[in-house]
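Okay, structure first, notes after.
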Amino acid sequence: MIAEHTSQEARAFLVRKRLWQGFTSWANRVAGNVFIWPTVLVVLFLSIFPLVISLYLSLSHLKFVKGGFEIRFAGLANYRKLLFGSEQEHFLGLIVNPSPTGWLVLLTVVAFLIWSLIGYLRSQHCSVGGAAGRIIATLIVSLLTWLLVSTLSPGGRPGTVVVTILYVFVGIAAQYLLGLGLALLTTQRLPGSRFFRVVFLLPMMITPVGVAYMFRMLTDTDKGPFRPIWQALGLGLTSWVNDPWGARAAVMIGDIWQWTPFMFIVLLAALESQSMELIEAALVDGANRWQIFWHVTLPQILPVSTTVILIRMIEAFKIVDLPNVLTNGGPGTATESMTLQAFITWRSLDLGGSAAIAYMLLFLVTFVGMAYVNLVRRRVTEV
Amino acid sequence: MKSKVWLLVTWLVVIALLSACGPAPTPQVIKETVVVTKEVEREVVVTKEVEVAVEVTPTPGPKPFEGIEVNILTFTGPQIAEPLQRRGPDFTALTGAKINVIVVPFNELYQKILTDMATGTNSFDAFVFAPQWMVDYIVPGYLEDLTDRVKADKAIEWEDIAPFFRDFSATYGGRIYTIPLDGDFHMAYYRTDLLEQAGFEPPKTWDDYLKIAAYFHGKDLNGDGDPDYGSCISKKRGAQAYWFITDFAASMIQSKGTSQGTFFNTKNMEPLVMNEAFKRALELYKETTKYGPPDELNLDVGDTRSLFTSGRCALSIDWGDIGTLAIDPETSVVQDKTGAVITPGSTEVLDWETGKLVPCDEKTCPYAIDGVNHAPFAAYGGWSGGINAAADPKVKDAAYAFFSYMCQPAQSNVDVTIGKTGFNPYRISQFLNRQLWVKAGMSPAAASNYLGAIEASLASPNMVLDLRIPQNQRYQGVVLDTAVSQYMAGEITAEQCMKQIYDGWEEITEELGRQSQLEAYLNTLGVQK
């Protein structure tokens, strides 16, 4: 009887032990998930939730009714308005038949894209996903090129998409070249190079609103500091900001002035950390300065260059402060970027339209970013 | 426990001491000069001064709004916010209510007010804004009906407010929702000395305006050796400039009286922009830029006013502000050199049926003066105070008392003569009492000229009423402003501009309902269906 009782107790103990072990094993398995959930919730709340809400907003109209407001589902009406409706000219621009040069550029780009695509499809690395991605990229790049050439041809007018692309690509190209030039100069151990390192960094420390006001004064031919020069040149009664391209140039110069230091400081660090042995070896082999730069220095700083360009590109697509303060998006809508258009649309309480523009910007930045990473950066860093 | 008791006793003593430090309530009697004026002829002013004692503090009783704070939202000053901020402390001394004036840029004011009330945030108790926007605030029930308060308020002297501002700007659907603080009309300003020297008459038509502007453009107009400008008109996008194109267009579109309207066809709500008159208006407006400052497309009204008062412009189109800014001895070099006249008109007007311009005659222009059709534009309607219906009742009372105080002749008769306030005359007594203006620094002739221009506009049977249909801010502040600024920048042609406005306005009308928008438009024009 006693032996039977003891054996039952032992069994119960074993069951409890097994249960406990099962529980602790389960707890060990799920602990990671449990601990990560608060972070996931915070990320969802701060990032995904606004994205979903703004997606819904972009598919709706806001209406003020008695006692509050209502958000009515409107399908793709806001996107239709931007791409095919009354906002098309504002958003995409005035599309005309491209000029002969425009056609040449378009055909060259499309031919290059198709050649690259065929090359990929024939290669051994070809996969379904890769092919699909490249076909989509070819289509989108071709469309963007068509938009660029047909809005920049005589009689056309660039909309906010094209203006933003110009700000990004022209601005970043200039910033990179100037930043690299200044960085190369600073590494030459010239007298005062330490002082200039600090001076070159100053524009980046100034708030963009301050930069915009400063350039507003600089471009004022009537009251600005360059007034005597403008008057001497007989341009006292002309204005940068009255001409669409003058105003765009003013915005780009301001942006280049402010962000060149960022390129400069990163490229300076890259130049200073490059392997001296390779340069010395090239010198021993009789390479001149240009050959050293082109064949030794540039390949070494390319990975850093592609990263810094990617960071600036993502940031530059969101340009808003400079055109808003410097020109208020004008004259007309000449200097309006996509972000500024979204802001102005939001300000007029068209929340749906504003969200639709923001989503179009998100698509554009994501596409350009992914294409850049896949087609440029990966190749450069793999070399 | 003992320490807590000591702490409590200490706090009570401190509070008692602080209370004792406050000023003892003593009755204040202020001697105020009341000017009673009777105008015999336009230039002759008869003045009788009477000293009366006004008791401003009914002490020793408690102040009626002691401890109450009123948050008032308006646009970034200095104008408009300045008088509110300056008179706030005086009002606090009188009533105990503290006035907090919060400012936002002009292009954010409309939506800031709307979103504050619509989202139930209600962080502002009252607003000073454009009365043309009131329809968007009244329909959803956000604005307080002030009719009973106004009727019970003798001090506001409601009947002294000019009928247009009292019955149109302040009233919606027969009820009063705003208190006028300002009277707004567009006028043409000119340099009297320059025109006299050159033998020009003040501009009667837009062609005259352009001729005078072309003559003076590039000449030194203020003696500083630098070339100056023939015309200065604010043309900045997203600012207070989008009303000016209507001055040009209305003089050719509206010729048969106020109820004809200038924005839409009263039969079907079709925008009146796809016609020869609007095209001509765009061309004239653009031509003024040739004689303006180089960065005119980026100038707000504050900039063009400064240019005019610093003697750099021969002509300008503006609200009443230039008239009073010109007499400020600290900033103006054109004191007694500034003339004002009803906005120029046209000798050709639109045939609504054909969309073509036809010459003015008795039939086409029944209100023409010397063969010129003038259509003075009551743009904006004058800054006015409205109260948030969701505010605390006591705060609403305090807000109303403040607006009433600002509107009462004792305050407003002074404020409308000060340029930096941005307030222009809107009371009958302010037009009749020239002495106010002489006292502020105008010569009797200049006062008559300035007030005469406003009176001529106000009395015109062909006055243009500003758009006051639901979402008028989208029609004008977004669609019209964007298209016209693109045209001025040379980005689009006149035809493209007209089409863009037409399509944009039609889109809003369709979205909000054609019939309801048409009814609202007809109601504002006073047209009986």
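The values are calculated or read from the model by the stated rules, or taken from the named source; none is laboratory data. Quantities reported herein were computed from a predicted structural model and do not represent experimental measurements. Cβ atoms come from the backbone with ideal geometry, glycine included; neighbour counts cover every protein chain shown.
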- What is the number of the single condition among (1) away from every other protein chain (no Cβ under 14 Å); (2) in contact with a strand residue (DSSP E or B) (Cβ under 9 Å, 6 or more places away or on another chain); (3) on the phi > 0 side of the Ramachandran plot that B:Gly173 does not meet? (2)
- Task: Among the candidates B:Ser259, B:Ser310, single out the residue that is of a type in the set (Ser, Thr, Tyr), farther than 27 Å from A:Thr335 by Cα and more than 14 Å from chain A (Cβ to nearest Cβ).
- Result: B:Ser259
- Mind listing just one residue for me: the one in the range B:261-305 that is aliphatic (A, V, I, L, M) and at pLDDT below 95 and, of those, nearest to B:Phe106 (Cα to Cα)? B:Val301
- When the range B:471-503 is checked residue by residue, the ones that are part of a loop (DSSP other than H, G, I, E, B) and either more than 12 Å from chain A (Cβ to nearest Cβ) or surrounded by fewer than 21 Cβ atoms within 10 Å (Cβ to Cβ) (or both) are B:Gly490, B:Thr493
- List the helices (runs of 4 or more DSSP H) that sit entirely inside the range A:1-112 and contain at least 1 residues that are in contact with a Phe, Trp or Tyr (Cβ under 7 Å, 6 or more places away or on another chain) and surrounded by 14 or more Cβ atoms within 10 Å (Cβ to Cβ). A:49-58, A:77-83
- Could you say which residue among A:Thr187, A:Thr145, A:Thr221 is β-branched (Val, Ile, Thr), free of Cβ contacts under 8 Å to residues at least 24 places away in the same chain and either in contact with an Asp or Glu (Cβ under 8 Å, 6 or more places away or on another chain) or surrounded by 13 or more Cβ atoms within 10 Å (Cβ to Cβ) (or both)? A:Thr221
- Do you know which residues across the range A:318-336 are of a type in the set (Ser, Thr, Tyr) and within 7 Å of chain B (Cβ to nearest Cβ)? A:Thr327, A:Thr333
- Query: Which residue pairs have Cβ atoms under 6 Å apart, sit 6 or more places apart or on different chains, and have a first residue in the range A:349-367 that is within 20 Å of A:Ile135 (Cα to Cα) and a second that is surrounded by 19 or more Cβ atoms within 10 Å (Cβ to Cβ) and hydrophobic (A, V, I, L, M, F, W, C)?
  - Reply: A:Val365/A:Phe317
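Taking the options A:Arg289, A:Arg347, name whichever one is in contact with a helix residue (DSSP H, G or I) (Cβ under 8 Å, 6 or more places away or on another chain) and over 15 Å from A:Tyr176 (Cβ atoms).
A:Arg347
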- Message: Could you check the range B:78-109 and list, in sequence order, the residues that are more than 14 Å from chain A (Cβ to nearest Cβ) and part of a strand (DSSP E or B)?
- Response: B:Lys98, B:Ile99, B:Asn100, B:Val101, B:Ile102, B:Val103
- Count of the range A:212-242 residues which are more than 10 Å from every other protein chain (Cβ to nearest Cβ) and under 21 Å from B:Arg237 (Cα atoms): 6
- Item | 2 or more residues crowded, with 19+ Cβ neighbours inside 10 Å: qualifying strands (runs of 3 or more DSSP E) within the range B:302-374 | B:313-318, B:338-342, B:348-351
- Query: Out of (1) among the charged types (D, E, K, R); (2) surrounded by fewer than 16 Cβ atoms within 10 Å (Cβ to Cβ); (3) part of a helix (DSSP H, G or I), what's the single condition that is false for B:Lys267?
  - Reply: (3)
- Message: Given the criteria of a type in the set (Val, Ile, Thr) and in contact (Cβ under 8 Å) with a residue 60 or more places away in the chain, does A:Thr151 qualify?
- Response: no
- Message: Filter the range B:409-446 down to the residues that are hydroxyl-bearing (Ser, Thr, Tyr) and closer than 13 Å to B:Ile161 by Cα and list them by number.
- Response: B:Ser412, B:Tyr426, B:Ser429
- Message: Suppose the filter is touching a residue at least 60 places away in the same chain (Cβ under 8 Å), outside any loop (DSSP other than H, G, I, E, B), hydroxyl-bearing (Ser, Thr, Tyr) and more than 26 Å from A:Ile95 (Cβ to Cβ); does A:Tyr176 pass it?
- Response: yes
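Please tell me if B:Lys235 is within 19 Å of B:Gly490 (Cα to Cα), within 14 Å of chain A (Cβ to nearest Cβ), surrounded by fewer than 23 Cβ atoms within 10 Å (Cβ to Cβ) and touching a Gly at 6+ places or on another chain (Cβ under 9 Å).
Numbers: within 19 Å of B:Gly490 (Cα to Cα): yes; within 14 Å of chain A (Cβ to nearest Cβ): yes; surrounded by fewer than 23 Cβ atoms within 10 Å (Cβ to Cβ): no; touching a Gly at 6+ places or on another chain (Cβ under 9 Å): yes.
Here the answer is no, as B:Lys235 does not meet what is asked.
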- Lone qualifier among B:Asp361, B:Asp397 - being of a type in the set (D, E, K, R) and modelled with pLDDT under 95: B:Asp361
- Query: Which of (1) within 14 Å of chain A (Cβ to nearest Cβ); (2) more than 27 Å from B:Val464 (Cα to Cα) does B:Tyr242 not meet, given it meets every other one?
  - Reply: (2)
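Looking at A:Ser86, is it in contact with a Gly (Cβ under 8 Å, 6 or more places away or on another chain) and either without any contact (Cβ under 8 Å) to a residue 12 or more places away in the chain or more than 29 Å from A:Ile165 (Cβ to Cβ) (or both)?
yes
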- Item | Those helices (runs of 4 or more DSSP H) lying entirely in the range A:262-363 with at least 1 residues within 30 Å of A:Val209 (Cβ to Cβ) | A:298-316, A:321-326, A:338-347
- Message: Condition first: touching a strand residue (DSSP E or B) at 6+ places or on another chain (Cβ under 9 Å) and under 10 Å from B:Lys98 (Cβ atoms). Now tell me which residues in the range B:60-82 satisfy that.
- Response: B:Phe65, B:Gly67, B:Ile68, B:Glu69, B:Val70, B:Asn71
- Item | Qualifying residues in the range A:76-99 (those that are farther than 16 Å from A:Phe363 by Cβ and of a type in the set (A, V, I, L, M, F, W, C)) - the one nearest to the other protein chains (Cβ to nearest Cβ) | A:Leu94
- Name the one entry in B:Glu506, B:Glu511 that is surrounded by fewer than 16 Cβ atoms within 10 Å (Cβ to Cβ), part of a helix (DSSP H, G or I) and at the interface with chain A (Cβ under 9 Å from one of its Cβ atoms). B:Glu511
- Message: Which count do you get for residues in the range B:110-162 that are buried (at least 20 other Cβ atoms within 10 Å of the Cβ), more than 11 Å from every other protein chain (Cβ to nearest Cβ), aromatic (Phe, Trp, Tyr) and in a helix (DSSP H, G or I)?
- Response: 1
- Note on the structure: Considering residues that are charged (D, E, K, R), surrounded by fewer than 20 Cβ atoms within 10 Å (Cβ to Cβ) and either modelled with pLDDT of 95 or more or not assigned by TED's automatic domain parsing to the domain that holds B:Ala126 (or both), the number found within the range B:171-203 is 3
- Query: If you scan the range A:327-380, which residues turn out to be modelled with pLDDT under 90, hydroxyl-bearing (Ser, Thr, Tyr) and out of contact with any Ser or Thr (no Cβ under 7 Å at 6 or more places or on another chain)?
  - Reply: A:Ser348, A:Tyr372
